[in-house]
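Here the structure is laid out as structure tokens; the discussion comes afterwards.
The values are calculated or read from the model by the stated rules, or taken from the named source; none is laboratory data. Predicted model only: the values in this text are computed from it and were never measured. Here the Cβ positions follow ideal geometry from the backbone for every residue, glycine too, while neighbour counts run over all protein chains shown.
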2 protein chains.
Amino acid sequence: MNARVREPEVLISEVGPRDGLQSVKATMPTAQKLRWIDALVASGLREIEVGSFVPARLLPQMADTAEVVRHALTHPGVTVMALVPNARGAESALRAGVHKLTIPVSASAAHSFANVRRTREEMIEEVRAIACLRDDIAPGVKIEAGISTAFGCSIQGEVKEDDVVWVASQCIAAGADEAGLSDSTGMANPAQVRRLFNKVRGAIGDKTGAAHMHNTRGLGLANCLAAYDVGVRTFDSSLGGLGGCPYAPGASGNVVTEDLVFMFEAMGVSTGVDLQRVIAAREALQAGLPGEPIYGMTPEAGLPKGWVQGVYAT
Amino acid sequence: MNARVREPEVLISEVGPRDGLQSVKATMPTAQKLRWIDALVASGLREIEVGSFVPARLLPQMADTAEVVRHALTHPGVTVMALVPNARGAESALRAGVHKLTIPVSASAAHSFANVRRTREEMIEEVRAIACLRDDIAPGVKIEAGISTAFGCSIQGEVKEDDVVWVASQCIAAGADEAGLSDSTGMANPAQVRRLFNKVRGAIGDKTGAAHMHNTRGLGLANCLAAYDVGVRTFDSSLGGLGGCPYAPGASGNVVTEDLVFMFEAMGVSTGVDLQRVIAAREALQAGLPGEPIYGMTPEAGLPKGWVQGVYAT
């Protein structure tokens with residue numbers, strides 16, 4: 001360790017292999033997924049959502065998640081996450097050995113019913129059932145509730161901030177270790193991001209989790225900055241912005257990992273991620289999904305003249 | 001006036017007809033320019049940089065600027081701006097009747113010489129000469145110094161913050177009414193934006209002018225947010241992000257007016273610009289530059305469900 005070595009100050013949680021792949025029509029072959037995950041790890045990413053445990057007939061892209069988890073677990077120091085929509089998926093995930101589960105819970109009543117055909121109250125009970133399973137099977141595993149439509153809903157429009165705080169608090173009471181806020185619909189703005197994260201922190205303190213922002217209307221990075229300003233230190237993003245927005249073809253959905261890393265590193269906020277290596281990881285993504293459009297302004301423009309990135313602890 | 005009528009809190013200064021058109025190869029026919037400017041005005045934009053007074057052999061796209069100025073002046077309440085690189089251009093602009101001049105002055109010594117073959121000191125003397133001309137010919141006209149490469153230079157790399165403060169202060173001492181900061185190269189980050197605007201304000205107070213941000217690496221809106229946070233209230237942007245970045249083909253240069261308006265309006269910060277009308281103005285731009293790529297996430301995704309914009313004073 002020398003004087004320039006710094007511990008990362010923020011955690012970039014890469015969601016491309018789950019959120020990204022789930023949104024595209026093509027299915028990436030397993031071998032390509034593993035190669036892509038290896039490239040993500042090589043760039044310094046320390047948390048990766050590698051898949052979801054859902055019926056293969058619903059999402060064939062995710063049929064190999066258990067195998068992908070097993071491979072990801074061979075990388076020391078990487079937190080291996082998976083999404084689970086219910087207790088059945090959670091049991092599979094826990095038996096596969098994941099370090100962390102994420103459960104989507106809508107803040108919007110209308111979206112909850114449309115998306116999973118269950119009320120918010122029923123989803124909170126699912127969190128409770130999953131937490132019990134976790135206690136039985138693998139007590140060290142962390143559970144995150146991902147509060148979707150936290151900043152607005154494409155079905156009901158406005159989502160009341162009190163509803164978001166209530167759902168987040170209920171998830172924590174039901175046994176989740178943290179609750180993150182997701183701008184599923186790309187409706188968030190920076191003022192709202194600051195206000196809502198502050199309110200949620202007022203209710204659940206340091207169990208407040210990640211900011212999962214979308215770039216649907218171009219505000220992805222501005223919203224991440226706003227979340228950082230009020231103390232959020234975990235940010236979901238996906239390589240190449242993979243993870244489209246179904247109602248806006250061509251518009252990027254998820255925040256682009258490469259641009260997010262550039263923003264923080266340029267600000268002097270260490271991410272632990274090597275910008276050049278994370279840009280290089282696009283090659284593995286593109287190889288596994290030939291012809292699929294990927295996004296990213298920093299990769300396209302290149303690094304600025306004189307760019308020097310900090311040297312981080314490995 | 002009713003209770004919902006609000007005065008604009010920020011000024012969006014549209015630079016497309018100058019900065020945008022100057023960057024594309026095609027020349028927009030004068031009649032189309034006028035129609036485009038009319039559409040911009042109809043959306044509520046109150047300041048427009050309509051052209052530059054430069055030799056037509058260098059920039060044929062700007063050959064009709066005097067005519068464009070005359071037309072723009074027929075719109076009451078709109079501040080008509082033009083860029084001038086020197087006293088000769090300034091005299092033409094003043095005689096054409098512009099309300100405001102902008103003079104580009106590089107903070108980077110290397111960029112100044114490469115761009116205009118003059119040192120920064122020589123450009124500051126040009127500002128002084130232009131201010132004298134203005135006092136003689138049209139004392140009501142405002143002069144803005146646009147400090148380019150304020151956040152980094154693609155030739156010399158880092159630009160010292162003290163250099164930026166010095167150039168801005170010298171321009172004010174030479175007679176400029178305000179000095180804005182321009183991220184010409186898309187190298188700015190939010191931490192730097194906050195720090196540098198604070199430093200410049202420390203030196204020249206309320207003569208601190210606009211934030212002119214580029215979206216080259218995707219940080220355009222985040223940087224505008226950062227500038228807003230430290231008190232900046234004037235923002236340059238261009239419709240459709242017109243104004244490419246020469247070294248990154250396909251990458252958007254200027255911040256997209258539509259996305260900037262969306263960000264502020266969604267935050268509850270009134271811009272005076274009607275979002276639907278400014279999106280509609282893209283049609284006039286595209287009609288005048290067929291086939292030219294334009295950008296914008298909000299126009300592509302559409303307005304969020306339940307979107308209601310405030311009603312502004314006209």
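A few notes on this one:
- Any hit, region B:136-152, residues being on the phi > 0 side of the Ramachandran plot and within 12 Å of chain A (Cβ to nearest Cβ): yes
- Residue list for region A:139-163, filter: touching a strand residue (DSSP E or B) at 6+ places or on another chain (Cβ under 6 Å), closer than 17 Å to A:ILE103 by Cβ and not hydroxyl-bearing (Ser, Thr, Tyr): A:LYS142, A:ILE143, A:GLU144, A:ALA145, A:GLY146, A:ILE147, A:ALA150
- Residues in region B:262-294 that are within 9 Å of chain A (Cβ to nearest Cβ) and under 21 Å from B:ASP38 (Cα atoms): B:PHE262 alone.
- Those residues of region A:158-174 which are out of contact with any Lys or Arg (no Cβ under 6 Å at 6 or more places or on another chain) and assigned to a loop (DSSP other than H, G, I, E, B), in sequence order: A:GLU158, A:VAL159, A:LYS160
- Residue tally, condition in contact with a Ser or Thr (Cβ under 8 Å, 6 or more places away or on another chain) and on the phi > 0 side of the Ramachandran plot, over region A:191-230: 1
- Exactly one residue out of A:ILE147, A:ILE137 is buried (at least 16 other Cβ atoms within 10 Å of the Cβ) and among the aliphatic types (A, V, I, L, M): that is A:ILE147.
- B:ALA226 being in a helix (DSSP H, G or I), at pLDDT 95 or above and buried (at least 20 other Cβ atoms within 10 Å of the Cβ): yes
- Verdict on A:THR298 being within 23 Å of A:GLY20 (Cα to Cα), crowded, with 20+ Cβ neighbours inside 10 Å, β-branched (Val, Ile, Thr) and more than 9 Å from every other protein chain (Cβ to nearest Cβ): no
- Remark: A:PRO104 falls outside the filter, which requires a residue to be within 14 Å of A:ILE48 (Cα to Cα) and not β-branched (Val, Ile, Thr).
- Matching residues, region A:204-219, being at the interface with another protein chain (Cβ under 8 Å from one of its Cβ atoms) and either without any contact (Cβ under 8 Å) to a residue 40 or more places away in the chain or part of a helix (DSSP H, G or I) (or both): A:THR216, A:ARG217, A:GLY218, A:LEU219
- Filtered by the rule that a residue be closer than 22 Å to B:LYS142 by Cα, more than 14 Å from chain A (Cβ to nearest Cβ) and not small (Gly, Ala, Ser), region B:220-246 gives B:VAL232, B:ARG233, B:THR234, B:ASP236.
- Of the residues making up region B:268-295, those that are surrounded by 19 or more Cβ atoms within 10 Å (Cβ to Cβ), more than 19 Å from the chain's Cα centre (by Cα) and either on the phi > 0 side of the Ramachandran plot or not in a loop (DSSP other than H, G, I, E, B) (or both) are B:ALA284, B:GLY288.
- Some residue of region B:301-309 being at pLDDT 95 or above and touching an Asp or Glu at 6+ places or on another chain (Cβ under 9 Å): no
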